[in-house]
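Scroll down for the structure; my scribbles are underneath it.
The values are calculated or read from the model by the stated rules, or taken from the named source; none is laboratory data. Bear in mind that the values here come from a model prediction, so they are computed numbers and not experimental data. FYI the Cβ positions are ideal-geometry reconstructions off the backbone, even for glycines, and counts take in every protein chain you see. Remember, those area values only see protein heavy atoms, side chains included, never the ligands or the DNA or RNA. Shrake-Rupley method; radii C 1.70, N 1.55, O 1.52, S 1.80 Å.
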Amino acid sequence: MSSISTAGILLRRIEYGDHDLILTLLTQDYGKISMIAKFARKSRKRFPGTLELFSEITLVGVSPRKGGMPVLQEAALKQPFAGIRGNLLKTAYASYWSELVLTWLEEQKAQKNIYRLLRYCLGALDAGQPPAVTSIVFQLYFLQFSGLSPNLRQCGRCRGALEKLPGEKFGFDLEKGGLVCKGCLTGKTPEWQLSRGTVKQLLWIQAGNLKNIRRLRFTEPAIKESQMFLEAFIPYHLGREPKSLKFLNHIRQLGS
Amino acid sequence: MIQYPASITRLIRNLSKLPGIGEKSAERLAMYLLQARKDQVVELADSLKDLKEKVRLCRQCFALSDEDLCKICSDPARDGAVICVVEHPVDMIAIEKSASFNGHYHVLQGLLSPMDGIGPEDIRIRELIGRVSKGGVREVIIATGTNVEGETTAAYIREQLAGYHVRVTRIASGVPMGGELKYVDQVTLKKALEGRHAV
């Protein structure tokens, strides 16, 4: 990777010294990469307004011959997703997705489907699509592309198929990653459950693709159930609660 | 460093902990201090000691101050009904240098940053709401940066102050003085056009 030229979405920027920025981007062709943008903080002309979080940029970077972090040479704004900035809820969701990408993905391993997913979801947020539904879509596909898709087709314990399971509400075994039917539920009732309708909608998303997502209509209870399920499932497999999820919950409480 | 006496070695070690100072620079500084006049070195040592002992945050605006209340907050000539909200004390100094503001300040000591886990309880937002809720504040000017963290913090403050009888404004953003349009990004240019004014 001596010279790179690609598109990327800015996930993180850290101030480095008095003049520079260290950026982490999800790029179209090289996956997650970190770069140094020299004089980005000092110069008005070098990268004017281009290095903002969640923006999609086209970039040219060069790796120093002696090794070390690639240096950003050129950057042009492709899609600023400016509607996200200045909106608390949208920023909170975009931060949550970015943190998942930052913590979950390996460096320099191209993940084009995750790039397309993040770009699509940031675009949906920017365009005013419902953030909660967009987040359900992001999380489900993100899990799918990362090989951690939850098993919603059958009970993870008795292996009974969804259509044949008794009852209209199901628990979920976070460790095994599968539904738990009424007959297999033991002990006290879980904090949250998934109704049959919600499971079917989640399955529809899993089986579909981003092109059809705009046809998706979620009821309020289905949004709540899906949110609780996915925001419990992801931290469980991540091994910790994402910092931005705490912020997101705080902002959601303000709005309710 | 083994050849230096212990007191010099200690000084070099401490100086090299400062940002941007490596061991060689620390050694050079230590040699300079060794040859400097005694009163110069004592003055430097006293100023470092005072820095830690005297400097604190103003109890009202959280700017750096030698007193309980900073010079701006205790100045009767300044308009306490207008509060300018900034991220850090250096931002306050920058506005003061412009000589264009005669109100009081509120230094947040940071910005909301969801991915870094910096939430509203980690910066001085509650104290700002407290100042406004006491009454006597006519306008709150939010002068945080225009990056995502700055805009998020501004939006949060705006929402928190929505229930109070106070005018909440945001500093304008647009083409910088002496700047050329070709170097201005599309988001800034859009904001500049939206915020245009008659001449």
Subject >> Among (1) acidic (Asp, Glu); (2) within 12 Å of chain A (Cβ to nearest Cβ); (3) touching a residue at least 24 places away in the same chain (Cβ under 8 Å), the one test that residue B:121 misses >> reply: (3)
Original post:
If we keep just the residues of region A:177-218 that are assigned to a helix (DSSP H, G or I) and β-branched (Val, Ile, Thr), which is surrounded by the fewest Cβ atoms within 10 Å (Cβ to Cβ)?
Top reply: A:213
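Take region A:48-67 and flag every residue that is on the phi > 0 side of the Ramachandran plot, touching a residue at least 12 places away in the same chain (Cβ under 8 Å) and small (Gly, Ala, Ser).
As a first pass, look at region A:48-67 and keep what is on the phi > 0 side of the Ramachandran plot: A:49, A:54, A:67.
Now restrict to residues that are touching a residue at least 12 places away in the same chain (Cβ under 8 Å): A:49, A:54.
Within region A:48-67, just A:49 meets the criteria.
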Subject >> Filter result (under 9 Å from the mean Cα position of the chain (by Cα), away from every other protein chain (no Cβ under 14 Å) and free of Cβ contacts under 8 Å to residues at least 60 places away in the same chain) within region A:94-139 >> reply: A:121, A:138
Subject >> Within region A:151-176, tally of residues that are more than 17 Å from residue A:223 (Cα to Cα) and either aromatic (Phe, Trp, Tyr) or not in a helix (DSSP H, G or I) (or both) >> reply: 17
**OP:** All but one of (1) among the hydrophobic types (A, V, I, L, M, F, W, C); (2) within 14 Å of another protein chain (Cβ to nearest Cβ); (3) open to solvent by 70 Å² or more (accessible area, probe 1.4 Å) hold for residue B:77, so report the exception by its number.
**Re:** (2)
Subject >> Residue check, residue A:122 open to solvent by 10 Å² or more (accessible area, probe 1.4 Å), closer than 26 Å to residue A:237 by Cα, of a type in the set (A, V, I, L, M) and modelled with pLDDT of 95 or more >> reply: no
Subject >> region A:237-256, subset open to solvent by 100 Å² or more (accessible area, probe 1.4 Å) and polar (S, T, N, Q), residue farthest from the other protein chains (Cβ to nearest Cβ) >> reply: A:256
Original post:
Are any residues in region B:1-51 within 14 Å of chain A (Cβ to nearest Cβ) and either open to solvent by 70 Å² or more (accessible area, probe 1.4 Å) or touching a Ser or Thr at 6+ places or on another chain (Cβ under 9 Å) (or both), and if so, which ones?
Top reply: B:18, B:19, B:20, B:22
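Would you check which residues across region B:61-71 are open to solvent by less than 60 Å² (accessible area, probe 1.4 Å) and not aromatic (Phe, Trp, Tyr) and list them?
Filtering region B:61-71 for residues open to solvent by less than 60 Å² (accessible area, probe 1.4 Å) gives B:61-63, B:65, B:69-70.
Listed by number, the residues that qualify are B:61, B:63, B:65, B:69, B:70.
How about region A:1-32: which of its residues are over 18 Å from residue A:77 (Cα atoms), surrounded by 15 or more Cβ atoms within 10 Å (Cβ to Cβ) and either of a type outside the set (D, E, K, R) or outside the structural domain of residue A:61 (by TED's automatic domain parsing) (or both)? Let's see the steps before the verdict.
So the first thing to find is which residues in region A:1-32 are over 18 Å from residue A:77 (Cα atoms), and the list is A:1-3, A:14-20, A:30-32.
Within this subset, residues satisfying the condition of being surrounded by 15 or more Cβ atoms within 10 Å (Cβ to Cβ) are A:16, A:20, A:30-32.
Within region A:1-32, A:16, A:30, A:31 qualify.
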Original post:
Is it the case that residue A:109 is assigned by TED's automatic domain parsing to the domain that holds residue A:4, open to solvent by 10 Å² or more (accessible area, probe 1.4 Å) and modelled with pLDDT under 95?
Top reply: no
Original post:
Quick one: which of B:149, B:194 is under 21 Å from the mean Cα position of the chain (by Cα), within 12 Å of chain A (Cβ to nearest Cβ) and of a type in the set (Asp, Glu)?
Top reply: B:149
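Taking region A:69-93, which residues are assigned to a loop (DSSP other than H, G, I, E, B), open to solvent by less than 20 Å² (accessible area, probe 1.4 Å) and within 9 Å of chain B (Cβ to nearest Cβ)? Don't jump to the end; show me each part of the working.
Our first condition is that a residue be assigned to a loop (DSSP other than H, G, I, E, B); within region A:69-93, this holds for A:69-70, A:80-87.
Then keep just the ones that are open to solvent by less than 20 Å² (accessible area, probe 1.4 Å); that gives A:70, A:80-81, A:84.
A:80, A:84 - these are the residues of region A:69-93 that are assigned to a loop (DSSP other than H, G, I, E, B), open to solvent by less than 20 Å² (accessible area, probe 1.4 Å) and within 9 Å of chain B (Cβ to nearest Cβ).
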Subject >> Residue that is more than 26 Å from residue A:160 (Cα to Cα), assigned to a helix (DSSP H, G or I) and in contact (Cβ under 8 Å) with a residue 40 or more places away in the chain, where the choices are A:244, A:226 >> reply: A:244
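In region A:41-68, how many residues are open to solvent by 20 Å² or more (accessible area, probe 1.4 Å) and either in the same structural domain as residue A:105 (by TED's automatic domain parsing) or under 23 Å from residue A:122 (Cβ atoms) (or both)?
Summing the residues that are open to solvent by 20 Å² or more (accessible area, probe 1.4 Å) and either in the same structural domain as residue A:105 (by TED's automatic domain parsing) or under 23 Å from residue A:122 (Cβ atoms) (or both) in region A:41-68 gives 5.
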